[in-house]
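A.B. asks: To start, I am sharing the structure in question, which I have written as structure tokens.
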Amino acid sequence: MKTSIPGPRSQELTKQLGDIQNVAAIHFFCNYDESRGNYLVDVDGNRMLDIYTQISSIPIGYNHPALLKLMSIPNNLSTLVNRPALGILPPENFPDQLTESLLSVAPKGMGRVQTMACGSCSNENAYKAMFIWYRNKERGHKSPSEEDLSSCMVNQVPGCPDLSILSFMGAFHGRTMGCLATTHSKAIHKLDVPSFDWPIAPFPTLRYPLEEFTRENAQEEARCLEEVEDLIVKWRQKGKPVAGIVIEPIQAEGGDNHASPDFFVSLRKIARKHGCAFHVDEVQTGGGNTGKQWAHEHWGMEDPADIMSFSKKLLTGGFFHKDEFQADKPFRIFNTWMGDPTKNLLLTEVLKVVRKENLLAEVTRSGKALMDGLYDLQAKYPGLLSRARGVGTFCAIDVCDDATRTSILVKARDKGVLLGGCGDRSIRFRPALVFKDYHVNIFLNIFNDVLAEHK
Ligand code: PSZ
């Protein structure tokens, strides 16, 4: 480290940008040319071990040579220069590109994929696909009536039906208005924005490590599942039937809240029983951090979901879905870009690197080292740390209070380690897939020093 953070150059740039935008959330400015692998370099020349990776969205580290090489190939220039409106004028190589990239990691039972630009618009369109599916089912797959068509133009029933999506307290599914109605992690995300009267179920609050508290955790999960069924019935009676259930395999923004595979298996059954679509949001959990391509693979289910959305480490957003969630007509799920082929190009290469370097096995290995280290530190500083939890390197630990958490995050950054917070008082770990055992050790040593200062 050369300066404290933010350094003088970062401060200067923040002031300059402040005349143009709100800069209150900016930590510091980065030098992406100089950043490499797990290390992010700032504009003041500070080099930091990045365990937050642009809100969990860098799959194989900064400036990976395979990606730099790919971008320098003349044949790829036209993909970089000409951004198509994919829904109407896709390039010749687009089917091949999707097959090589996204379809090579298609989840079980979901053989179709629609790309989108970001996580929020992926979820937003996945919700629409669920509503369209639900209404087509109700209509017996007949054409919409004249009344359907005229009433929807003025936001009235039956064209704009009173359907709902059930979500969970503590969930984060994005900030656009449909998604925001299912996001319940922080009030500041939602304040002043009109929303829908949709059911919100409790997400299990479990004790960790999960394997030591199986009985009481199962009770808590049963309580939440019962509430889910009650809500589905209540909202049907209210005339706002639940068309779909949306859930993260691990609630990320909401505080890294885990639930057991049994919980998800039962929830999936409840969805099926009540005719609700089941949407798994893997925007943050997808891409390998849990040691599998998709976190839901840990549930071991043959039919894990009807729809599964992704973004972040997949570089492009989008959602996989079953055949019956394909909209029945063109222009129902549509926008200008519908994704970006440059991101598919990069993703193909990322997936090659992940396979060649066996990175999912590496994640499982370094994840175990990280968890072992967190358990040790939690035993050493019981007044400071608790509830260490994680799958792969998708890990978190709780701090005694929010102020101490902030102080730990700032001190760790001043010593060259970038971490993020989530929930009320958790610290989360979101390294790239190239995070190795020795990075874990570097982190644990620095973290230990920071904790010693807080004792
Ligand atoms: O503050 C924010 O807007 C943040 S901080 C982390 C996220 C957003 N995560 C995005 C996210 C997610 O974690 C899940 C599970 N679903 C959807 C989203 C939305 O993705 P984006 O941000 O690409 O729209």
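A.B. asks: Determine which aspartates and glutamates satisfy two conditions relative to residue 312: a Cα distance under 13 Å, and not lying fewer than 8 residues away in the same chain.
C.D. replies: The qualifying aspartates and glutamates are 281, 282.
A.B. asks: Oh, and also: For each pair in 292/356; 240/273; 108/190, compute the distance between the two Cα atoms and list the pairs where it is over 24 Å.
C.D. replies: 108/190
A.B. asks: While we're here: I want the antiparallel fraction of DSSP beta bridges within the chain, as a percent rounded to 5.
C.D. replies: 65
A.B. asks: Taking the Cα centroid of segment 157-199 and of segment 307-346, what is the distance between the two, rounded to the nearest whole Å?
C.D. replies: Centre-to-centre (Cα) distance: 21 Å.
A.B. asks: Checking the table 142/322; 269/368; 313/415; 128/234; 269/352 against a 29 Å threshold on Cα-Cα, which pairs fail?
C.D. replies: Beyond 29 Å between Cα atoms: 269/368; 269/352.
A.B. asks: When the expected Rg is taken as 2.2 N^0.38 Å, what fraction or multiple of it is the alpha-carbon Rg of segment 300-455?
C.D. replies: Compactness ratio reported: 1.32.
A.B. asks: Relative to the present Cα-Cα distance, how much length would full extension add between residue 414 and residue 26 at 0.36 nm per residue of separation?
C.D. replies: 138.1 nm
A.B. asks: How far apart, in nanometres, would the label points at residue 143 and residue 155 be if each is projected 7 angstrom from Cα along the Cα-to-Cβ direction?
C.D. replies: 2.9
A.B. asks: Sticking with this one: If you count, for each residue, the other Cβ atoms within 10 Å and average over each peptide, how do 202-215, 273-286 line up from highest to lowest?
C.D. replies: The most tightly packed comes first, giving 273-286, 202-215.
A.B. asks: Over segment 45-201, what is the mean sequence separation of C-alpha contacts under 8 Å (at least six apart), divided by residue count, expressed as relative contact order in percent?
C.D. replies: Relative contact order comes out at 14 percent.
A.B. asks: Sorted by average packing, counted as other Cβ atoms within 10 angstrom per residue and highest first, what order do 312-323, 216-227 take?
C.D. replies: Result, highest mean first: 312-323, 216-227.
A.B. asks: Write down, largest first, the equivalent ellipsoid semi-axes of segment 43-155 in whole Å, where each equals the square root of 5 times an eigenvalue of the alpha-carbon gyration tensor.
C.D. replies: Taking √(5λ) for each eigenvalue gives 39, 20, 16 Å, largest first.
A.B. asks: How big is the antiparallel share of DSSP beta bridges in segment 241-329, given as a percent to the nearest 5?
C.D. replies: 40
A.B. asks: While we're on this one: Taking 8 Å as the Cα distance limit and 6 or more residues as the minimum spacing, I'd like the relative contact order of segment 127-195 as a percentage.
C.D. replies: 19
A.B. asks: Could you tell me which helices of the chain pass both thresholds, a Cα extent of 24 Å or more along their own axis and a mean Kyte-Doolittle hydropathy of at least -0.5, with helices taken as whole DSSP H runs?
C.D. replies: 359-380, 437-454
A.B. asks: Suppose R0 equals 22 Å; then what is the FRET efficiency for residue 375 and residue 216 from their Cβ-Cβ distance, rounded to the nearest 0.05?
C.D. replies: Computed FRET efficiency for residue 375 and residue 216: 0.65.
A.B. asks: What does the convex hull of the Cα atoms come to per residue for the chain, in Å³?
C.D. replies: It is 160 Å³ per residue.
A.B. asks: Which whole number of Å³ per residue matches the convex hull of the alpha-carbon atoms in segment 240-329?
C.D. replies: 119
A.B. asks: How high is the relative contact order of segment 357-455, in percent, with contacts defined as C-alpha pairs under 8 Å that are six or more residues apart?
C.D. replies: Taking the mean separation of contacting Cα pairs over the length of segment 357-455, I get 32 percent.
A.B. asks: State, to one decimal in nm, how far the label point of residue 236 lies from the label point of residue 449, with both points 7 Å from Cα in the Cβ direction.
C.D. replies: Reported label-point gap for residue 236 and residue 449 is 6.0 nm.
A.B. asks: Need one number: nm distance between label points at residue 336 and residue 265, each 7 Å from Cα along Cα→Cβ, rounded to one decimal.
C.D. replies: 4.8
A short reminder: the numbers here are calculations on the coordinates, not readings from a lab. The structure presented is a predicted model; accordingly, all values stated were derived computationally and were not measured. In this analysis, Cβ positions are derived from the backbone assuming ideal geometry, glycine residues included, and neighbour counts consider all displayed protein chains.
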